[in-house]
């Protein structure tokens, strides 16, 4: 299936007891999500790490949700284990909440909708033994 290469900017706040934040881009692949990100200090935002890329395969996911908010929105990825997101900084074991700015809400909703469809197909294939 042809997956759109559109990316959506995200943030993860509160990393390292609030000293760091994650800025990045998330996009959908045939096998899950690809996240490109970098760490920055949360005080000035000047000190940034090198860019890193991690893949979150559907096999590591239990649920994908999108929550609307007044000022920002969230993509919430629930993992199948506490180790599901070891390669992606965050504060929640087994889960990652990606904050989405208001201006990117529509594109994020489309991404989550496509991801949920792909994830459902993946789960059906797993049940069918394919």
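The values are calculated or read from the model by the stated rules, or taken from the named source; none is laboratory data. The structure displayed is predicted, hence computed values, not measured ones. In this analysis, Cβ positions are derived from the backbone assuming ideal geometry, glycine residues included, and neighbour counts consider all displayed protein chains.
Residue pairs, Cβ under 6 Å, 6 or more apart or interchain, first in the stretch 1-19 and within 28 Å of residue 121 (Cα to Cα), second exposed (fewer than 13 other Cβ atoms within 10 Å of the Cβ) and at pLDDT 75 or above. List them.
Taking only residues 6 or more apart or on different chains, the pairs are 3/30.
Go through (1) on the phi < 0 side of the Ramachandran plot; (2) in a strand (DSSP E or B); (3) surrounded by 14 or more Cβ atoms within 10 Å (Cβ to Cβ); (4) out of contact with any helix residue (DSSP H, G or I) (no Cβ under 9 Å at 6 or more places or on another chain) one by one and return the number of the condition residue 27 breaks.
Looking at each condition in turn, residue 27 falls short on (4).
Being surrounded by 16 or more Cβ atoms within 10 Å (Cβ to Cβ), under 19 Å from residue 30 (Cβ atoms) and touching a strand residue (DSSP E or B) at 6+ places or on another chain (Cβ under 8 Å), is that true of even one residue in the stretch 86-94?
For the stretch 86-94, residues surrounded by 16 or more Cβ atoms within 10 Å (Cβ to Cβ), under 19 Å from residue 30 (Cβ atoms) and touching a strand residue (DSSP E or B) at 6+ places or on another chain (Cβ under 8 Å): absent.
Which residues, taken from the stretch 57-72, are more than 17 Å from residue 28 (Cβ to Cβ) and either surrounded by 20 or more Cβ atoms within 10 Å (Cβ to Cβ) or in contact (Cβ under 8 Å) with a residue 12 or more places away in the chain (or both)?
Within the stretch 57-72, 62, 68, 71, 72 qualify.
Restricting attention to the stretch 101-130, report how many residues are within 16 Å of residue 59 (Cβ to Cβ) and surrounded by 15 or more Cβ atoms within 10 Å (Cβ to Cβ).
The total comes to 4.
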